[in-house]
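Some notes on the structure that comes next.
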Amino acid sequence: MTTTDSSETAEAPKGKRRLGDLVFANSARGAGLLILAILAGVAIFLIVQSLSSLTANEANFFTSSEWRPESGPGENVRFGVAALAFGTVLAAAIALVLATPVAVGIALFIVYYAPRRLAALLGYLVDLLAAIPSVVYGLWGLVYLVDELQPFYRFLAEYLGWIPLFAGPVSSTGRTMLSAGIVLAVMILPIITAMSRDVFTQVPQTHREAALALGATRWEMIRTAVLPFGRPGVIGGAMLGMGRALGETMAVAMILSPSLVISAFVLQSGNQTIAAHIALQYPEATGTGVSALIAAGLVLFAITLAVNMAARFVVSRRKEFTE
């Protein structure tokens, strides 16, 4: 009798654990399916709502830089996202190139060089950058940064103007793609820094000690043990930051001078991003104009999805460095 009672009491917790595992597994599965459903719902909404303008459009949507989605008497609907898509990718690329090296350097300093108290303070300050609203960054860039960067832009045009990217003449307003890229770089800096810092702290101590035992300096230890291990995390953080830069609206809309041109000259006024264009045009858009803006949003959705898929592919290819 005692044996039976003890076996029943032993089975009860096991049954409860199984019920808990079942509930948790179904909850996790439901959350994953919910994300897929939301993603599919957004894609379907964008496609359906943009069909009316795309069918009425008489220009090539992907190669045209015109934007006349609402036709008047004797006019045809003509619009395209070539200039907007180019400006979106260019601004995000500039931000990524500027922010990633700085973010990695900050993360390495916090983890391996800074004293504990200073590291905690710097980590807090970097995280605080992520809490600043984008409109504040836009005001900072518009009121202060564009004027302060003018001498630097003239220097670039004078001494590096032979590089097409820095060809003049320099914009007199300073509201250029490079200014927008610098502001975006500051905005995505805490994202890349946080991801890099987390992955650098997870480097196995045996890897670091083995490098130091072989006579490596601290920098050589970082180069041979830390960076290879943390490369996938850095790439993932960079892609998350790029996703933020691709979709940023207010800061870019406040800094850039609206212009639907395709220009790789980052010191000259011109270019616009999809998100900023939607924000500026939507208040006055009606009918086909709204549908055209939704079509532009569909392109931004596709670009962001492609960037994230590419990041997953790169991280999976680099996975062997973490093993």
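The values are calculated or read from the model by the stated rules, or taken from the named source; none is laboratory data. This is a predicted model, so every value here is computed, not measured. Methodologically, a virtual Cβ is constructed for each residue, glycine included, from the backbone with ideal geometry; neighbour enumeration extends over all protein chains shown. All accessible areas refer to the heavy atoms of the entire protein, side chains included, with ligands and DNA or RNA removed. Shrake-Rupley method; radii C 1.70, N 1.55, O 1.52, S 1.80 Å.
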Hey, residue 260 open to solvent by 40 Å² or more (accessible area, probe 1.4 Å) and in contact with a Phe, Trp or Tyr (Cβ under 7 Å, 6 or more places away or on another chain) or not
yes
With 22, 39, 34, 51 as the choices, which residue is in a helix (DSSP H, G or I) and within 30 Å of residue 75 (Cβ to Cβ)?
51
Filtering segment 72-83 down to residues that are open to solvent by 10 Å² or more (accessible area, probe 1.4 Å) and over 24 Å from the mean Cα position of the chain (by Cα), which residue is modelled with the lowest pLDDT?
74
Complete set of residues in segment 156-169 that are free of Cβ contacts under 8 Å to residues at least 12 places away in the same chain and surrounded by 13 or more Cβ atoms within 10 Å (Cβ to Cβ)
161
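Among 63, 100, 4, which is modelled with pLDDT of 90 or more, of a type in the set (S, T, N, Q) and either more than 30 Å from residue 292 (Cα to Cα) or in contact with a helix residue (DSSP H, G or I) (Cβ under 7 Å, 6 or more places away or on another chain) (or both)?
Matching residue, one of 63, 100, 4: 100.
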Unique residue being free of Cβ contacts under 8 Å to residues at least 60 places away in the same chain and within 30 Å of residue 153 (Cβ to Cβ) when the list is 274, 278:
278
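Just to be sure before I move on: is residue 294 within 15 Å of the chain's Cα centre (by Cα), open to solvent by less than 40 Å² (accessible area, probe 1.4 Å) and at pLDDT 90 or above in the structure I sent?
Taking the combined requirement at face value, the residue does not satisfy it.
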Here is a list of conditions, (1) of a type outside the set (Val, Ile, Thr); (2) open to solvent by 40 Å² or more (accessible area, probe 1.4 Å); (3) more than 30 Å from residue 306 (Cβ to Cβ); (4) out of contact with any helix residue (DSSP H, G or I) (no Cβ under 9 Å at 6 or more places or on another chain), and residue 150 meets all of them except one; can you say which number that is?
(2)
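Each row is one residue, and each column tells you yes or no for (1) touching a residue at least 24 places away in the same chain (Cβ under 8 Å); (2) open to solvent by 40 Å² or more (accessible area, probe 1.4 Å).
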{"position": "70", "(1), (2)": "yes, yes"}
{"position": "85", "(1), (2)": "yes, no"}
{"position": "89", "(1), (2)": "yes, yes"}
{"position": "92", "(1), (2)": "yes, no"}
{"position": "115", "(1), (2)": "no, yes"}
{"position": "123", "(1), (2)": "yes, no"}
For segment 209-239, what are the residues that are over 22 Å from residue 313 (Cα atoms), assigned to a helix (DSSP H, G or I) and open to solvent by less than 60 Å² (accessible area, probe 1.4 Å)?
210, 211, 221, 222, 225
Can you find even one residue in segment 60-67 that is farther than 30 Å from residue 228 by Cβ, open to solvent by 50 Å² or more (accessible area, probe 1.4 Å) and of a type in the set (Asp, Glu)?
yes
Looking at (1) part of a helix (DSSP H, G or I); (2) open to solvent by 20 Å² or more (accessible area, probe 1.4 Å), which is the one condition that is false for residue 172?
(1)
